[in-house]
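The block underneath contains the structure these notes are about, expressed in structure tokens.
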Amino acid sequence: MNFKELRTHVDRKSLLDRVYYKIGKQKYNFEVCTLYGSFGTEWKPYLLAQADESLMRVVNNRTILPNEIVLDIEDPEFFEDIFELIKKEFEYYHAYRTGSRGYHIHLFFDRDLSKDEKLLVIQKYGCDETKANQRSMIALEGCPHWKTGNIKTLIKKRAGYNLAHNLPLASW
């Protein structure tokens with residue numbers, strides 16, 4: 001895959017508007033960028049980047065929202081076991097095949113979570129701890145993955161916001 005092929009006609013603006021307006025409820029000016037092989041753009045706040053049509057055609061990464069936990073499962077053999085646990089502990093989730101070798105499970109909450117809260121959940125499932133950081137990029141949903149060019153594909157979903165006060169952090 002070359003950079004020209006990365007410019008597929010995925011409507012990235014609509015995807016990002018959904019994150020900004022529907023999921024983030026206009027509270028989070030998350031950052032976006034394009035990564036592809038050795039090529040990368042600077043990180044830009046979404047509200048600034050959306051006016052740049054050339055960037056919007058190729059953007060394929062965004063930062064994780066303050067009210068979001070992303071479980072980045074690198075080893076595909078663990079996905080089903082982790083996903084079964086997630087369905088028991090969380091009412092709402094979005095599970096994606098990343099387009100690379102692993103999976104992402106996105107959990108959205110009714111309030112912002114601290115780095116420590118995110119980290120406890122991520123550690124419980126043995127996932128990538130860097131995804132608890134405030135400025136952590138994640139492959140954009142429905143777009144080509146920056147390493148492989150394969151589309152990040154939604155495979156299972158139950159849309160909604162988990163109640164943060166239901167996080168059983170003390171029992172973990």
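Assorted remarks:
- Applying a threshold of 18 Å to the alpha-carbon distances of K115/K147; K88/K156; K22/K88 flags K115/K147; K22/K88 as lying beyond it.
- Farthest toward the positive end of the dipole of the chain, out of H104, L47, F30, is the Cα of L47, where the dipole comes from beta carbon charges about the Cα centre.
- For the stretch 3-163, a simple Cβ point-charge model (Lys and Arg +1, Asp and Glu -1, everything else neutral) yields a dipole of about 520 debye relative to the Cα centre.
- In terms of other Cβ atoms within 10 Å, S100, S14 run from fewest to most in the order S14, S100.
- Under a 5 Å amide H cut-off, with hydrogens placed 1.01 Å from N, L113 pairs with N67, E68 among residues at least 5 apart or on other chains.
- Tilt relative to the chain, helix 79-89 - C-alpha long axis, 0 to 90 degrees, to 10: 60
- Note on K25, K124, K152: ascending count of other Cβ atoms within 10 Å places them as K25, K124, K152, the fewest first.
- Between the stretch 77-99 and the stretch 138-163, the Cα center-to-center distance that results, in Å: 12
- For L48 and E129, a Förster radius of 41 Å and the Cβ-Cβ distance give a FRET efficiency of 0.90, rounded to the nearest 0.05.
- The stretch between F39 and D116, if pulled fully straight at 0.36 nm per residue, gains 24.5 nm over its current Cα-Cα span.
- Fewest-first ordering of R62, R111 by other beta carbons within 10 Å of each residue's beta carbon gives R111, R62.
- Distance between the pseudo-spin-label points of Y92 and K13 (7 Å out from Cα toward the beta carbon): 2.7 nm.
Every number here is computed from the coordinates shown, using simple stated rules; none is lab data. Keep in mind the model is a prediction, meaning the values are calculated, not measured. Cβ sites come from the backbone with ideal geometry, for glycine too, and all protein chains shown count toward neighbours.
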